[in-house]
Each structure stands twice: as structure tokens, then as C-alpha cells.
Amino acid sequence: MKIACFHLMPYRDLEDDFEKKYPSSWFSLPFSEVADRQKVSQYFNWTLDELTFAAESGFDGVCTNEHHQNAYGFMVNPNLMGSVLARATRGTDTAIIQMGETAVFLNPPIRVAEEYAMLDAISEGRLVAGFPVGLGGDFSYSYGMAPMEQRARYYEAHDLIKKAWTATEGFAWNGTYYQLPMVNIWPQPFQQPHPPIWVPGNASPSTWDFVLKHDYSYCFLTYFGAKGAKHMVEGFWQRAEELGRDRNPYRLNFLIPVGVSETDEQAEKDYGHAAEYLYHKGLHLPEQLLAPPGHMTHSSLTHLITKRPFPPYDEFKKMKFNDFNNKDYVVCGSAKTVTDRLTEIVKTLNVGHLMILPQFGSLSHEKTMTNIDRIAKNVLPSLRGIWEDTSWEDKWWPSGAEKKVKQAA
């Protein structure tokens, strides 16, 4: 079992009545009215401190991400963050998980091939290469591209990047969206033939098929609870069987916010405001901004309409901390409670890579560091052995981050 520390890097100090003043925390939110530049600088450095501390405390990997033009998470270039983390953790077996640089947002996408190769070299083979399709809103509103082109551009960018990583000599690329007279990247990745590839998704069957076709690891990034995710994850495993893939738990990554307190009763005091802040403010956006027309493939749109994998956005705006915690949107409580609940989630969903979010919403730097310490000392040791007695092989973990028996700090 591998456990990574994931970080969204949100703006942590939005006003109490923020969601009443502004229609969205995404895309249209004016930075100059809401944000403090000194705090933003502080958030970037806090985030790097928190992720570095997680690595030192015993997490198996540290995980960055990419979003644009919002207060929910503004780590706009994860590779800048990843380069700092790769150097800061040199000599360790901590995986640098880039979740990730979105290939379709860069032109040409060989920039992703080059930057990932650099990170793989700096980290000495500890890189996980995230290949997100990217949010439809980011693609269309932040970068002004036609939603109908997103998947096709993604598939071509993926093929170009993999060929750039593995070709033994330069080549010309004459694709539908990208034309390059000479592709000959320096350096090529430290890991051969390339770093392990993880693909994040949010219950899209098109992404399932892509991941399973290429034998990648799938990252289910949902904020609608482990209980609500059960039928969606089972759909992924059924599709895996249909396509001839096994139920190796390391094919699946699952993300969840976690808060450890001294007691279950204390958890609401420690994490109640932060959890409500994440859902009421961070995810405050009109649904039409999330998935512009044309963004989804026919199969994904049909799946969304017929299966309804997510609750209405208005539903969680009315929910409070205990609702989020009881439905496993977040997992907060004493170390024993958190360990027991995470163990059940991991076994029920058949998860081999767990991505824990120890900082979420408005949680302060001090409380985040305390939370990381508690998770590392009191939760991680009990989770690591879940798949120990099985024959499953983790084919999706970077070669430079192969684990010895990890001890809590």
C-alpha cells in the first residue's frame, strides 16, 4: 500500500460571506478584490513546507496538481513546485507525483515531455507522470480552446510525448493538431522506457477505456464521498474485466481529505470550518462552467445523464461538517477512527494508492503540519500492510522510489 500527500493549495482566507458576494470562485473571480498578494506568497511557501514535511514524516509520495484562474487551487504550474520538491527530497525514496502538467494546455506538448524528463532526472527516477485530460472549464475559458477538440488533442499529445520519450533518433511529427519538423528531446527520462503514467479522472468511461487500453493507473478524484464512489469504482473494475485487465488494486488511486484529532469529538472543532470552507467556497461555481458543451464524449455524457454519479451541487451547499464526515466526503476523527475508516474504504474500493489531502479548505499552516504529523505517526503504519499478503505487483510506482519497510518519523 502506498500513501501520498496530495495538495490543492487553495486560497485559505476568503471572507465569511464570500459565496454570497461572488457568483463563482472559478474563472470569473477578480484577484484584486479578493486576494492579498503577501498571503499568496505565503501560501506557496507554506505548501512547499507542508509537502516537504510530509516526505520527511514518512509519506510515500508528494503530489502536486494544476488548476487555473480560481481560489480553489492555484498551483498553476505543478512542475515548478515539483522541481523544488524533487531537489528538497534528494537521497530519499519519496515519489514525486505530478498530477499533473496538462499536455493540451501547452503548445507544443513536447514541453511536457521535456519538463517531465527534467524532473525525472533531478529526482533520480522518482517521478510519476500525471496525464490529466484537464477540466473543460480550464481548456475552454482559461485557454480559449474549442471544447470539441479537447479529447482529440489529448490523445495526440499523449502519443507525441510517449514517442518523444522512447525514440532513439529524431523524427518529424505531422499530426492533426501539432506539426513539428524535428522532435529530439534532451534529456530523455531517467526511467526507461519512461516514468509510470497515472491518469486522473472523475468517473468518465472514456478515461477508463483510455487508461485500461494503455495499462496505466487510474486516479479517481472525487469530492463526493467514498460511499458515493462505490458504484462508480465498481463500474471501473467491471470495465477492466471486460477489457481483459486484472483487479490489481494498484491500478486505482483514490483521493480523500483526512483530519486526525485527539478524539472524535475534537475533530469537528479542528476541521469543521475547513471542510465546510472547501465545499461551500472552494467548490462554489455554476455547473455550466465545469463542463462546457462539447467537452464530454458521447459515452461520458450518456453515463452522466443515466447514472448520475454526482449529487446536485446545491446539495452540498446545505451540508455541514457532520454530513461531510458521516458520508465520507472527508474522514476526520481520532487516529483509530480514521485508520479504521480508511482501511474499510481501501478494501471496499480495492485501492492500492491512497492520496491523502491533509490540508483542505481554510486549514491553517500550523494545523496542517500537526495533521501531517499525526497521520504519519498514527495512521500510515497501519495502512501500509493492507496488500502485503497478496501477490499483486505495483507496476505503476517509480523505480527510484521503491520502498524499503517505511518507518514513521
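Report, ordered by the first and then the second residue, all pairs with beta carbons closer than 8 Å, sequence separation of six or more or different chains, a first member in the range 105-120 that is free of Cβ contacts under 8 Å to residues at least 40 places away in the same chain, and a second member that is assigned to a loop (DSSP other than H, G, I, E, B) and among the acidic types (Asp, Glu). Here the result reads 105/66; 115/101, each pair linking the range 105-120 to a residue that is assigned to a loop (DSSP other than H, G, I, E, B) and among the acidic types (Asp, Glu).
Pairing residues of the range 40-61 that are farther than 16 Å from residue 82 by Cα with residues that are among the β-branched types (Val, Ile, Thr) and buried (at least 20 other Cβ atoms within 10 Å of the Cβ), at Cβ distances under 7 Å and at least 6 apart in sequence or on separate chains, gives 57/372.
Please verify whether the range 226-242 includes one or more residues that are among the small types (Gly, Ala, Ser), surrounded by 22 or more Cβ atoms within 10 Å (Cβ to Cβ), outside any helix (DSSP H, G or I) and in contact (Cβ under 8 Å) with a residue 24 or more places away in the chain. For the range 226-242, residues among the small types (Gly, Ala, Ser), surrounded by 22 or more Cβ atoms within 10 Å (Cβ to Cβ), outside any helix (DSSP H, G or I) and in contact (Cβ under 8 Å) with a residue 24 or more places away in the chain: absent.
Against the definition (surrounded by 13 or more Cβ atoms within 10 Å (Cβ to Cβ), modelled with pLDDT of 90 or more and not aliphatic (A, V, I, L, M)), how does residue 294 come out, yes or no? So residue 294 does not fit the description; no. Reported count of residues in the range 267-277, each being in contact (Cβ under 8 Å) with a residue 12 or more places away in the chain and more than 22 Å from residue 3 (Cβ to Cβ), is 5. If the condition is being under 30 Å from residue 363 (Cβ atoms) and either without any contact (Cβ under 8 Å) to a residue 60 or more places away in the chain or of a type in the set (A, V, I, L, M, F, W, C) (or both), then the range 243-265 contributes 252, 254, 255, 256, 258, 260, 265. Within the span defined as the range 118-130, one or more residues are closer than 23 Å to residue 252 by Cα, buried (at least 24 other Cβ atoms within 10 Å of the Cβ) and basic (Lys, Arg). Evaluating residue 218 against the criteria (1) in contact (Cβ under 8 Å) with a residue 40 or more places away in the chain; (2) of a type outside the set (A, V, I, L, M, F, W, C); (3) over 30 Å from residue 366 (Cα atoms); (4) not in a helix (DSSP H, G or I) leaves one unmet condition, (1). Only a single item in (1) assigned to a helix (DSSP H, G or I); (2) surrounded by fewer than 18 Cβ atoms within 10 Å (Cβ to Cβ); (3) modelled with pLDDT of 95 or more; (4) of a type outside the set (S, T, N, Q) is not met by residue 180, and it is number (1). Annotation: of all residues in the range 348-381 being small (Gly, Ala, Ser) and crowded, with 16+ Cβ neighbours inside 10 Å, the one that is farthest from residue 276 (Cα to Cα) is 352.
One line per residue, one yes/no per condition, for (1) of a type in the set (S, T, N, Q); (2) under 30 Å from residue 55 (Cβ atoms); (3) modelled with pLDDT of 95 or more:
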position	(1), (2), (3)
118	no, yes, yes
122	no, yes, yes
136	no, no, no
141	no, no, no
145	no, no, no
160	no, no, yes
165	no, yes, yes
201	no, yes, no
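Scanning the range 112-144 for residues that are within 23 Å of residue 283 (Cα to Cα) and not in a helix (DSSP H, G or I) returns 130, 131, 132, 133, 134, 135, 143, 144.
Residue under question is residue 217, and the condition is that it be polar (S, T, N, Q), surrounded by 16 or more Cβ atoms within 10 Å (Cβ to Cβ), in contact with a Phe, Trp or Tyr (Cβ under 7 Å, 6 or more places away or on another chain) and under 24 Å from residue 64 (Cβ atoms); does it hold? Criteria met by residue 217. Of all the listed residues (39, 2), the sole one being modelled with pLDDT of 95 or more and within 30 Å of residue 398 (Cα to Cα) is 2.
Residues checked against (1) closer than 18 Å to residue 46 by Cβ; (2) touching a residue at least 12 places away in the same chain (Cβ under 8 Å); (3) among the aliphatic types (A, V, I, L, M); (4) touching a helix residue (DSSP H, G or I) at 6+ places or on another chain (Cβ under 7 Å):
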site	(1), (2), (3), (4)
353	no, yes, no, yes
363	yes, yes, yes, yes
373	yes, yes, no, yes
381	no, yes, no, no
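Against the conditions (1) more than 24 Å from the chain's Cα centre (by Cα); (2) under 18 Å from residue 358 (Cβ atoms), residue 30 satisfies every one except (2). Could we say that residue 186 is over 26 Å from residue 317 (Cβ atoms), among the hydrophobic types (A, V, I, L, M, F, W, C) and assigned to a loop (DSSP other than H, G, I, E, B) here? It is true that residue 186 is over 26 Å from residue 317 (Cβ atoms), among the hydrophobic types (A, V, I, L, M, F, W, C) and assigned to a loop (DSSP other than H, G, I, E, B).
The values are calculated or read from the model by the stated rules, or taken from the named source; none is laboratory data. Everything quoted here is computed from the prediction, not taken from an experiment. Note that we place each Cβ from the backbone using ideal geometry, even for glycine, and neighbour counts take in every protein chain shown.
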